[in-house]
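Novice: Dropping the structure in here first, questions after.
Every number in this text was worked out from the coordinates using simple rules, so none of it is lab data. Here the structure is a predicted model, which means the values were calculated and not measured. FYI the Cβ positions are ideal-geometry reconstructions off the backbone, even for glycines, and counts take in every protein chain you see.
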Amino acid sequence: MDKCVYVLGGYQTDFSRNWSKENKHILALMREAYEGSIAVTSVESSDIKAAFIGNFAAELYCNQGQLGAFFLEFDSHFTGIPTARFEAACASSSIAIMSAIAYVNAGIHDLIAVMGVEQMKTVDAKVGGEYLGTAAWYEREAKGVEFPFPKLFSKLGEEYDKRYGLDQKYLAAIAAKNYHNAQKNPNAQTRNWYMDFGHACNESEYNPVIGGMIKVSDCSQVTDGAVCIYIASEKYAKEYCSKRGISFDTFPRISGWGHTTAPMMFQAKMIEKQEFVLPMTRKAITDAYKGAGIKDCWDLDAIETHDCFTTTEYMAIDHFGLTPPGESWKALEEGIVNIGGKLPINPSGGLIGVGHPVGATGVRQVLDAYKQVSGKAGEYQVEGAQRVATLNIGGTATTNVCFVISSKQ
């Protein structure tokens, strides 16, 4: 593993907003995220030497590509800097972070802005579901299927049920937990919504089944949002800390990472003879552990994971190693994953609670991990958090990226 890089913090827009109803272009989301990040971090714009943008499908949702060039609209210092847009479905901005890490570790630049952005409320749910289907193998898995992704991720739960048994009340417990956590997050889309365990358990007019074992309560949200963070070299981070009287020894860093790709077809990912249902997702996690020099999940203080559906968080529990394969339900029964438990998962509210602007989710997770390890998470702070992992998956766990963010040596 290369040397670690540093996270200087950043800014998240309010994920409850509908920017189309405000008659605002995707550039407006990006601008607010950038200006907010400068205000929060006090980074000098002249120090930013590159900007990497994570985005899934602006060409579809907004009829706009070439998003990297929009960064030049924010400050005259940016004329001529290298920019790029990265796409890996829901893991787009994690790939932007991976690229920033590579640039920093190669000595090319000392400070890179990484932004994730998606404006999804430009179309109705049916059209949006069609757009999201392109993150799967569209012709084989999504074409002609209404809301294909809930149906595809139902198959993940069905595979667990076939191998180990799965009581759907545990999926409801995940939904209820994440809605509850989101009530403490001032940027969460659902912070003023109501969903408890009883509602999540039951099919109703307001909680219909969308596909297989997936009800509305099991789904992440359709969201507009942008997040901007800064990735820095050790040299720049030391100077940054020195100027501000901050302890460099406990300054947040990305100490480990893992990045894997699985076959495009969802069924091809779930290999029956493998111990874990999604072996490439597991490998991304263990690669991150190895890079960070930690032996297992119990060296972590919290996890921000990709709960695009409750089935993916159920998968993450055993893939991170909280339980043996197939026994994720035990961590839910014992309250291990709750705030105040041994290893909280999604204290922010996750994608179900916070929202899921597809291209922004990976950066949002890293920003929330940064907040946790620097004691800035407010009401959803995990007491004493010093090491937090994130898991961001793109498509049907085709792209898998895991980061470990730490404030301890």
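Novice: Could you run the Karplus curve 6.51 cos²θ - 1.76 cosθ + 1.60 with θ = phi - 60° over the stretch 165-182 and give me ³J(HN,Hα) per residue in whole Hz, x for Gly and Pro?
Specialist: Karplus-based 3J(HN,Hα) across the stretch 165-182 equals x, 9, 7, 5, 5, 6, 5, 4, 5, 5, 4, 4, 4, 6, 4, 4, 4, 4 Hz.
Novice: Exactly which GluC sites (Glu not before Pro) in the stretch 286-376 are in a DSSP loop and have at most 13 other Cβ atoms within 10 Å?
Specialist: Glu327, Glu334
Novice: Additional query: Which of Ala91, Ala106, Ala188 moves the most in a Gaussian network model of the chain with Cα springs under 10 Å?
Specialist: Comparing Ala91, Ala106, Ala188 in the GNM, the peak value goes to Ala106.
Novice: Rounded to the nearest angstrom and ordered from largest down, what semi-axes does the equivalent ellipsoid of the stretch 109-172 get from its C-alpha gyration tensor (root of 5λ)?
Specialist: Working through the eigenvalues yields semi-axes of 29, 20, 13 Å.
Novice: Moving on. With point charges of +1 on the Cβ of Lys and Arg and -1 on the Cβ of Asp and Glu, referenced to the Cα centre of the chain, which listed residue (Ile210, Gly225, Tyr11) lies farthest in the positive direction of the dipole?
Specialist: In the chain, that residue is Tyr11.
Novice: Then there's this: Relative to the Cα centre, what is the charge dipole magnitude of the stretch 221-303, using +1 at the beta carbon of each Lys and Arg, -1 at the beta carbon of each Asp and Glu, and rounding to the nearest 20 debye?
Specialist: Computed charge dipole of the stretch 221-303: roughly 240 debye.
Novice: Grab the beta carbon distance between Ile246 and Ile336, set R0 = 41 Å, and tell me the FRET efficiency rounded to 0.05.
Specialist: Calculated value: 0.80.
Novice: Same structure again: If you wrap a convex hull around the Cα atoms of the stretch 1-147, how much volume per residue is inside, in Å³?
Specialist: 129
Novice: Return the long-range amide H neighbours of Phe86 (sequence gap of 5 or more, or a different chain), with a cut-off of under 5 Å between placed amide H atoms.
Specialist: Residues meeting the amide H criterion: Ile53, Gly54, Asn55.
Novice: What does the charge dipole of the chain about its Cα centre add up to, to the nearest 20 debye, if the Cβ of each Lys and Arg holds +1 and the Cβ of each Asp and Glu holds -1?
Specialist: That gives the chain a dipole magnitude of about 520 debye.
Novice: Assuming R0 = 25 Å, can you tell me the calculated FRET efficiency for the pair Met265 and Lys295, based on Cβ-Cβ distance, to the nearest 0.05?
Specialist: Given R0 = 25 Å and the Cβ-Cβ separation, E is 0.15.
Novice: To the nearest 10 degrees, how steeply does helix 361-373 sit against the main Cα axis of the chain, on a 0 to 90 scale?
Specialist: 70
Novice: Could you pull out the trypsin sites (Lys or Arg not before Pro) across the stretch 206-288 that fall in loop regions by DSSP (anything but H, G, I, E, B) with no more than 16 other Cβ atoms inside 10 Å?
Specialist: Lys273
Novice: Can you match semi-axes √(5λ) of the Cα gyration tensor in Å to one of these, (i) 53, 24, 19; (ii) 31, 24, 20; (iii) 40, 24, 22, based on a calculation from the structure here?
Specialist: It is the value labelled (ii).
Novice: Label the stretch 248-369 by shape, choosing from rounded, prolate and oblate, from the square roots a ≥ b ≥ c of the eigenvalues of the Cα gyration tensor; if a/c is under 1.5 it is rounded, and otherwise prolate applies when a/b is larger than b/c, oblate when it is not.
Specialist: rounded
Novice: Please list, in chain and number order, the residues 5+ apart from Ala91 or on another chain whose amide H is under 5 Å from its amide H, with Hs placed from the backbone.
Specialist: Result for Ala91 returns Gly394, Gly395.
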